[in-house]
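Remarks on the structure that follows.
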Amino acid sequence: QLQASGGGLVQPGESLRLSCVVSGGIFGISSMSWHRQTPGKEREVVAAINTAGVTTYISAVKGRFFVSRDVSKNIVYLQMNDLKPEDTAVYYCMVIHDRGISWGQGTQVTVSS
């Protein structure tokens, strides 16, 4: 089970930190990632982190978003800085684990003046 939180309404240039707590018998996590989706568009991966701590980002967020994880607590974070209106979306966390893939429920991020 994945529980995402931290979304909200912010103005352009502001920051938010999303959190995703992984619980409920999910083991053998190999990758944790954040994805986002806007109405009428496909869900896209935004950032990912693997067990070695290697991170990847899409070009649109590189240098503004930072993904991290707390291994002991099974939490993955997405620090989002200098938010832009085009970052507005529902953000989902996802983990790849020993039994497959699990998704969180999504948290809305709205960037508007």
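Worth a mention:
- Straight-line cross-link partners of Lys62 among the aspartates and glutamates, defined as a Cα under 13 Å from its Cα and at least 8 positions apart when in the same chain: Asp82, Asp87.
- Largest GNM mean-square fluctuation across Lys62, Lys41, Lys84, computed for the chain with C-alpha springs under 10 Å, falls on Lys41.
- Distance (nanometres) between label positions extended 7 Å along Cα→Cβ at Thr51 and Asn81: 3.1 nm
- Choice from Ala52, Ala60, Ala89 showing the highest fluctuation, given a GNM over the chain with Cα pairs closer than 10 Å: Ala52
- Spread of Cα-to-Cα distances over 5 Å intervals beginning at zero, given as percent, for the chain: 2, 13, 24, 26, 19, 10, 5, 1, 0
- Antiparallel %, DSSP beta bridges [both residues in the chain], to 5: 95 percent
Just so you know, all these numbers are worked out from the coordinates, no wet-lab data involved. Since we're looking at a predicted model, the values are computed, not measured. Every residue, glycine as well, gets a Cβ built from its backbone with ideal geometry; the counts of neighbours run over all protein chains shown.
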